[in-house]
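Take a look at the structure set out below.
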Amino acid sequence: MRTDTATSERFEISPRFRTMIEERIARLERDAAFDEAQIERLEDGEHVRRQLRLVAVEKAEALRMRLFLDRAHERGQAQNPAA
């Protein structure tokens, strides 16, 4: 993960784009929960490993998108320099 000044930059997104990203985050988290619940039903060790990897990727992508939204503000919103 980057820790340089670029990660502290804030940028502007539309309310529609924010909603779309929030919906995608919800789908990823829902899918991760479902996929994780399926692991106990799997018998093949390789399949379990791939399923665990899928869950990890879904959770990581949801987190990445949450961090993106944390750095963004919606068009028309007043910017808070302390945020």
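The values are calculated or read from the model by the stated rules, or taken from the named source; none is laboratory data. These numbers come from a predicted model, not from an experiment. Note that each Cβ is placed from the backbone with ideal geometry, even for glycine, and that neighbours are counted across all protein chains shown. All accessible areas refer to the heavy atoms of the entire protein, side chains included, with ligands and DNA or RNA removed. Shrake-Rupley method; radii C 1.70, N 1.55, O 1.52, S 1.80 Å.
Accessible area ranking (1.4 Å probe, heavy atoms, ligands and nucleic acids excluded), largest first, for 11, 34: 34, 11. Compared with the direct C-alpha span, the chain from residue 60 to residue 42 gains 4.2 nm at full extension, assuming 0.36 nm per residue. Length gained on full extension, residue 33 to residue 73: 11.5 nm, using 0.36 nm per residue less the C-alpha separation.
Taking Lys and Arg as +1 and Asp and Glu as -1, the other residues whose beta-carbon sits under 12 Å from that of residue 53 total -1.
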